[in-house]
Amino acid sequence: MEGIGYKILGALLTTLLAFTVGMFYAGFRRKIIARIQNRVGPPVYQNFLDVLKLLSKKTSVNHGIMQHLAPLWLITMSVSTLMFIPVLKDGLFFTNLNFSGDLIFLLYIMVFGPLGMALGAGQTGNPNSAIGVSRGLTQMVGFEIPWIMAIVALMIQYKTTSVTGLLDIQSQNGTWMMFSSPLAFIAALLAMPGMFRYAPFDIVGAPAELASGPISEFGGKYLSTMMTSGSIFAFVKLTLYVDLFMGGASNLIELVIKTFALYMYPVLWGAVSPRFRTEQAVRYFWGWPLFFGFAALIYAAF
Amino acid sequence: MSSLVILILIIAGFALLSYFGHSINKTAGNIAVFAAAVLIPLYWFTRVDFSETVSFTISGFQMELGYNMYGKLFSLIVMILSPLALIYALGYMKDSKRTGTFYFSFLFSILGMTGILMSRDFISLFIFWEIMTWSSYLLVIFLGKDVEKTGIRYMVFSALGAYAMFMAIVIIHRNTGSMMLNDYFNAFGNFSTGTKFLTGILLMFGFALKSAVMPVHVWAPGAYSNTPMAYTSVFSGALSKMGVYGLGFVVINLFAHANLHFAGTILAWLGAVTAVLATFSAIFQDDAKKLLAYSSIAQLGYIVTGIGIGTELSIFAGLYLAVLHAAFKGVLFMAAGAVERQAGSTDMTEVTGLIRKMPLTFFASLVAIIALAGVPPLGGFVGKWMLYESLINNGNFLMVIMIFLSSTAAFLYSYKFLFGLFLGQEEPEFENVKEASPLMTIPMLLLSVFLMITGSFPGIVFKYIAEGMTDLGFHDVNWQMSVLTNAWGDSVNLQHVTLSIGVVFVVFLIFLTWKGYKKTYYVSTKDISSSGEVIKPEDNMTYSTDFYKPFERVLHPILKRKIEKYYDEFGEGIGALFDFMRRIYTGNGQTYAFYVIVFLVILLVFSKNIFGY
Amino acid sequence: MYNDKESQKIVDIIQNFARKHSLFVLAYGTGCGAIEIPPTMTSRYDAERFGIRGAATPRQADVLLITGYLATKTLKRVIRVYEQMQDPKYVMGFGSCAINGGMYWDSYNTINMLDKYIPVDVYINGCMPRPEAVIAGFVKLQKLIQEGKADGWDRYKKNLDEYRANQKKIITNWVMPDFNR
Amino acid sequence: MTDPVYFIAIPLLTAFLLPLFGKIYKPLIGIIPGLVFAFTAYISFDLYFNLEPGKPVIVQMAGWAPPWGINLVFGEFSGLIVSLITFLAFLVWVYSYNFKKVGFDNSKKYFTLLMLMVAGSIGVVLTGDIFNMFVFLEITAISSYGLTAFYKGRDSAEAAFKFLLIGSLSSTFILLAILLLYKQTGTLNMAEIAIKSQAIDPKIKSIIAILFFVGFGIEAEMFPLNGWVPDAYSQAPGPVAASFASILAKSGIYALIRVFYTVLDVEGIFNLLLTAGLLTIIFAEFTAMRQTRLRRMLAYSSIGQMGLIMVAFSFNTKAGVFAGLFLMFNHAVIKTLLFLASGFLTYSTKQKKIRDLDGFGKIMPFTSLMFGLGAFAIVGLPPFSGFWGKLNMLTATADSNLYLVIALILVVAVVEIIYYFKVIGRLYFRERHEDVNIQKPTWNAVLAMSILALVIIGVGLYPDFITDYLAKATNELFDKAGYIKHVLPSLSLN
């Protein structure tokens, strides 16, 4: 644990791991969806090529400083969040700064990026971007509530607000929280597709109506940064779920298995779903997920 | 003479000086105002003796002035925010008329606030409270908009609050024979239950009204948005904190000590409901000033919740949020004022794309909005974190959810504010808009620097809060310069946060800027992908009307019931009753004579009931 | 001007490999060829296996598909879209109409030779080309990219005056923003 | 020189001689009343400040000792009221000395009637004889009728007629009460009645009390006997309305207090006074809110203030009386200021509507400022004198355990704030109408209003200027035995 050099090396390794895993997951998603649609689909490393290609675009345009900073905010958020999440339960490289943040902090730092992204999208002046932002923020209010309820239920039940603390409790008890607090898990699980913004909750991007929404004016290096950030963030979200509900992971293989299993859930749901309208999405989140969230809270408190 | 009295006299003197200065000419008046903005805080910081007390007797009532640490904390807000707002006002009010009245009322409201915070007895508290009320009323109606509706509504609600306090005060006097705050707090335990509740709740009502707690918040949106923005920053930032100040000592000193915690809990619930509903209202405002007004109400809701819960961490959070709210809402109202002055409107459906015209204002607003939204690494997060942790530690899980809902929904209006005014397509109409004068931007930037520092080193504020909380009975409050800790021992190290975010940000900033630097082009906001159509300069494609329509559809069942409507209907009903009463005076001499006779007859008939024989 | 594979730097090879296998396609679907895009993309022919996917806006796109004839009215839009795309960018012309006007060769309001107005990298023959032909066109484009020969974007910048002169012949009321890269 | 007799004699005499002076030299009509008011004010202050504690100055008229003769009692209580009345009368003169609407042709009538009214009021306050009090009250009332009808218009005449109608009822009841009292006790001297009244049959005493209550209640603007007030206040000239509020109403309430505190000892009358006072407050203030004319609004507000004073006196405690006196002082000073200011504000508008005052703050800055100051003071905002009155009033109420009354008073105060602040809002924060003619206040009006404003602010900043005197007056009012002892040294209360 000692040594600033190890710390930096660990941070870099974690980021690289998150990037790689996230990219492959996105590739798998494309492949899986293709197979479901009876297509061959792109190779699983396709997303690396996409990012590389976008990065090697010779020109890029922006509409001002906020648009320039927007991808930056996103990737800063993803990487910083990653720093505060225990990727593996213990180990030299993959725990990073997780002792100096807690769940509430994570919740808040996770909106840092979208807010910056929204500002950048706003500056482009493209109406599609603004509409996308409006939808995205609305949807966020929708899914955050059941998700937060689940988290608060855990925190109240186990009297700790830190992820590390919750991990320790799981390894002490020997059960995962998805079994010891099933209601919270269900609420969190129901809110999860909203977080991933896959169908039926892909109302932000919605290529068919909004021309990809907030990112419609981003190209080249900006878009590549955003895709990188997106893959890291997907990994972050999955790891957080695994840490909270599935007992974390003590080695990378376990981590990959658990996160991949979890990842299949929004992917498969999305593969066979059409798209909600914004208000339908919010109503969905404020329906059953909210009910399970309440149930979880009551279960936790009494 | 005592330094406290001198302070009061200095402020009053400057008020008169500004008024008369402005009636001579503008320069003289402005010099007086500037001197006030510099000298009043200078005197406060260097010469005021905080251990001093002044007591005197007027009209048989003993009165005493003297700071305690709790009052000093709030004075700090007043003494830092008000001078900045005054300097801002020098720029903002440059072309207005009747500036004399403006600065007179402004300084008098500072006097009122200063006085409230050093009052140790109810009489002087009430006197200064009322001075604050009427001076702010004069500012609310200063622009002459909506005088009948907003002005009267503000005054009526303020009066209701003040008179509730007044009633409590006289009842306290009846029961203790003294007007001193401390005598009341000490005697409170011995009161009968009825008196406990009556006085406590009346005081609480009075203070809660000033801090715009639902359902007595209706004065606030109009009052905040109608006032000249130079004052609104103080109005929302400092003046509403007087209510928080009062709630603090009522809830903690009374209810906690007398084991009436549930009263505090009710207050906390009201605060949470306020936060949620006001946030929802803020989201659908089209006027930036109205949006900020509702947002203020919502933020005050958090603070009130923190105070109402009454644990150490929650009060700490409430007070910290109070300080922070003063700073960021100060900036935001100033920014709205700057936009109003430079671009002529704060209607977010009209004004767009000012970011390149007013970059400093935008930067200050951005920092303030991040702090408001509670996103790390700025100071707002610290307050939010402490509030949540205290609520979770306390097991108030439903309240946590409401606060979370409110602050998540707060992102919506936060974004709308920045987007509506500064982002979006640039319009030829605002081609010639200039950045506001340095008098206006410097106060904003100073406050935003403060917000940035508190993100990593909130300890500079914690110090004063911890001092102040000793007067609420919380001794030895633990605080560290940049580590937050909750009751369960979980902590957040803010320096690590800032460092991590900062390093990642800088690394990627360098990368993103350096990569293809020469081949990165700036294009105008009219150059967007719009199916190949060329957008003419006069076409504005910015999406700003009905910005959150889907969300509005979701919330329609909640929002369609407006509490204002009930008040209005109540008002109409009362008006009809008054009209009926007015009919008694028919204007007919015979009728009046008839009344006299009837009255006499009634008295004679019932004389046995009246006199007993 | 035309680099051989041997003379390319290693960076270029990697970059061109990425470019070749990741083609974001913006279909300008005013002509009848637009109807051929959906089968190309979906299950039957599945262009995604070549790394080809649709892009919603020109800012993100690499390939501009001109799916058939271009009316003089829509030429302006095509130029606009093309100029909004980021370098390197490629244009594919679909069918005879894009090559020589096809059955509209003497129409008063269509253009005959697309290459006079924007640089076309690959033409696909047919009226209309079937999805197989479209994919063949893409494969050809990939080959050109790998070899560094798909340099229409470079030609456009170098011969901007000439292209502009041609464009202005068709578009009489010229109100386009300047293209100055 | 300083003899209470002069209070009555000189104004009465001058009032009747005024036409003669006018014949000699016209401007004398304006000047002589001023001299008279200045003189009365001077002697009243001189007497008042030189009073020995607990020892009223007593004058026997025509050499007859009481109880047979008529006597004047200038004590700490009555002296305070007289000083207030004379001081305000003087200010009203300063204000109206060349008030434009008081044309020279009419000014002798005006000043004659004004002097009569002042003399009558002073008489009411000073006299120790109950029938004499009735006589003075009649003098006051009749001169008031005249002043109400001063403008000779249709409306003024109607107002005066209403006033006359109700006023004569008042006289009748008081006279009846005095008759009954005389029948029972055989004396008209108040001190002696005070002694003998305990022996009166309670039934008859209650009837007497009721008759007095209604009779004086009319003068004191009690609900529902105050139908005359709004008309009279709004139709009379501005300074006259001011003097009604400060002088006429004060003498009415004084008579009420004197009779029930000193002369008659009736159980239960104070509850009645409380009820009547509360009803007065409620109806007056709520009615005031719906008024569209400035004067009528002020008139109803004045009624409301009188109701408040009645409530204060109804507690029958020292704190209550102290508060009542403070409120009387405030009402006299502030309402006078408001009426004086409104005299110029509504000078050129025929309807005297509130909405005609839009934007007057810019064109009549001083008068508007005075009105605003008066409004701030009357609703009880610190740091003006109204606040201290209200504070004392409410502490007194709380001491009497009447919490609901506190709530009621405060609710009504909110109503008061609404209508006063509506006017202020219009004065300062509205664009003015195009075609307004204004009348700049004359220098003497400015002087009069400034003095009143200074008094308001001075007392507001440091109420102890007057609290000592009020406390002394309170003590004297409760010292019934002392009063009797001084007036009738030969008798004593058994």
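FYI, it's all coordinate maths here, none of it is from the lab. Note that the coordinates shown come from a computational prediction; the quantities given were computed from them, not determined experimentally. Reconstructed Cβ throughout: ideal geometry from the backbone, glycine too, with neighbour counts over all protein chains shown.
Side notes on the structure shown:
- In this rough spin-label picture, where each label sits 7 Å from Cα along the Cβ direction, the residue B:43-residue C:107 distance is 8.4 nm.
- Per residue of chain D, the DSSP helices (runs of n ≥ 4 H) give a summed -39500 (n - 2.57) that works out to -24000 deg cm²/dmol at 222 nm.
- Spatial separation of Cα centroids for the stretch D:189-247 and the stretch C:63-136, in angstrom: 104
- As a proxy for reagent exposure, ranking D:192, B:533 by other Cβ atoms within 10 Å from fewest up yields B:533, D:192.
- Normalised by 2.2 N^0.38 Å, where N is the number of residues, the C-alpha radius of gyration of the protein assembly as shown stands at 1.14.
- Evaluating 6.51 cos²θ - 1.76 cosθ + 1.60 at θ = phi - 60° for every residue in the stretch D:167-178, the Karplus couplings come out as x, 5, 4, 4, 4, 4, 5, 5, 4, 4, 4, 5 Hz, glycine and proline recorded as x.
- Which of C:77, B:341 has the fewest Cβ neighbours within 10 Å, and the rest in rising order: C:77, B:341
- Extension gain, residue B:568 to residue B:533, is 7.6 nm, computed as 0.36 nm per intervening residue step minus the present C-alpha separation.
- Cross-link reach list, lysines versus residue A:159, counting only Cα pairs under 24 Å and skipping chain neighbours closer than eight places: A:89, A:237, B:384
- Quotient of the Cα radius of gyration of the stretch A:1-131 and 2.2 N^0.38 Å, N being its number of residues: 1.28.
- 3J(HN,Hα) along the stretch B:348-360: 6, 7, 9, 7, 9, x, 8, 4, 7, 7, 10, x, 5 Hz, from the Karplus curve 6.51 cos²θ - 1.76 cosθ + 1.60 with θ = phi - 60°, whole Hz, x for Gly and Pro.
- Normalised by the number of residues in chain B, the mean separation of alpha-carbon contacts (under 8 Å, six or more apart) gives a relative contact order of 13 percent.
- Dipole magnitude (debye, nearest 20) for the stretch A:4-301, charges at Cβ of Lys, Arg, Asp, Glu: 740
- Signed unit charges on C-beta, dipole axis of the stretch C:20-170, positive-most listed residue C:156, C:67, C:145: C:156
- Zone of residue A:301's modelled label, taken as backbone nitrogen in the stretch B:394-429 under 14 Å from a point 7 Å along Cα→Cβ: B:394-404
- Residue-wise HN-Hα coupling along the stretch D:179-195, computed from phi with Karplus coefficients 6.51, -1.76, 1.60 (Hz; x: Gly, Pro): 4, 4, 5, 5, 4, 7, 10, x, 8, 10, 6, 5, 4, 6, 4, 4, 5
- Computed FRET value (nearest 0.05) for residue D:109 with residue D:135, which takes r as the C-beta separation and R₀ as 25 Å: 0.70
- Computed over the alpha-carbon atoms, the stretch D:305-360 gives an Rg to Rh ratio of 1.23, Rh here being the Kirkwood radius from the mean inverse distance.
- Per-residue ellipticity at 222 nm from helix content only, as computed over chain B with -39500 (n - 2.57) for each DSSP H run of at least four residues, stands at -23000 deg cm²/dmol.
- Distant-in-sequence amide H partners of residue C:54 (H built 1.01 Å from N, under 5 Å): C:25
- Straight-line reach from residue B:26: taking Cα to Cα under 28 Å and skipping same-chain neighbours fewer than 8 places apart, the lysines in range are B:94, B:97, B:145, B:289, B:434, D:362, D:440.
- Here the protein assembly as shown carries DSSP beta bridges of which approximately 55% are antiparallel, counting only pairs with both residues inside.
- Over the stretch A:79-169, the hull volume per residue, using the convex hull of the C-alpha atoms, is 92 Å³.
- The local environment of residue B:488, defined by Cβ-Cβ distances under 14 Å, has a net charge of -4 under the rule Lys, Arg +1 and Asp, Glu -1.
- Spherically averaged projected area of the stretch C:20-170 from its Cα convex hull (nm²): 7.9
- Extending 7 Å from Cα along the Cβ direction at residue C:159 and again at residue B:609 yields two label points whose distance is 11.1 nm.
- The helix-based estimate of mean residue ellipticity at 222 nm for chain C, built from -39,500 (n - 2.57) per DSSP H run of four or more residues and divided by its residue count, is -11500 deg cm²/dmol to the nearest 500.
- Point-charge dipole on Cβ atoms (K/R +1, D/E -1) for chain B, about Cα centre, debye to 20: 300
- Cα convex hull, the stretch A:126-192: 90 Å³ per residue, rounded to a whole number.
- The calculated FRET efficiency for residue C:34 paired with residue A:13, based on their beta-carbon distance and R0 = 41 Å, is about 0.30.
- Residue exposure sequence - C:153, D:443 - by fewest surrounding Cβ within 10 Å: D:443, C:153
- With the convex hull of the Cα atoms taken as the outline of the stretch A:4-301, the averaged projected area works out to 15.3 nm².
- Three semi-axes of the equivalent ellipsoid, the stretch D:268-478, Cα gyration tensor, whole Å, largest first: 32, 19, 13
- Net +/- balance of residues flanking residue A:40 in space, Cβ distance below 13 Å, scoring K and R +1, D and E -1: +4
- The simple spin-label model puts a point 7 Å past each Cα toward its Cβ; for residue D:199 and residue D:3 those points are separated by 3.5 nm.
- Dipole axis of the stretch D:429-494 (+1 Lys, Arg; -1 Asp, Glu on Cβ), positive-most option in D:446, D:474, D:459: D:474
- Screening chain A for DSSP H helices whose Cα atoms reach 18 Å or more along their own axis and whose mean Kyte hydropathy is at least 1.6 gives A:103-123, A:182-196, A:288-301.
- Sequence-distant lysines (8 or more away, or on other chains) whose Cα lies within less than 22 Å of residue D:480: D:55, D:196, D:205, D:250, D:318, D:472
- Which of A:270, A:182, A:248, positive extreme of dipole for the stretch A:4-301 (C-beta unit charges): A:270
- Between the stretch D:273-336 and the stretch B:74-134, the Cα center-to-center distance that results, in Å: 32
- Dimensionless Rg ratio for the stretch D:167-317, taking C-alpha atoms and the 2.2 N^0.38 Å reference: 1.08
- Student exercise, the protein assembly as shown dipole from Lys, Arg, Asp, Glu Cβ charges, in Debye to nearest 20: 3040
- Rounded to the nearest 10 degrees, the angle from helix B:312-343 to the longest Cα principal axis of chain B is 70 degrees.
- Where both bridge residues fall in the stretch C:20-170, DSSP classifies roughly 5% of the beta bridges as antiparallel.
- Distance from the stretch A:7-38 to the stretch B:11-26 (C-alpha centre basis), Å: 68
- Restricting the calculation to alpha carbons of chain B gives Rg and Dmax of 26.3, 106 angstrom.
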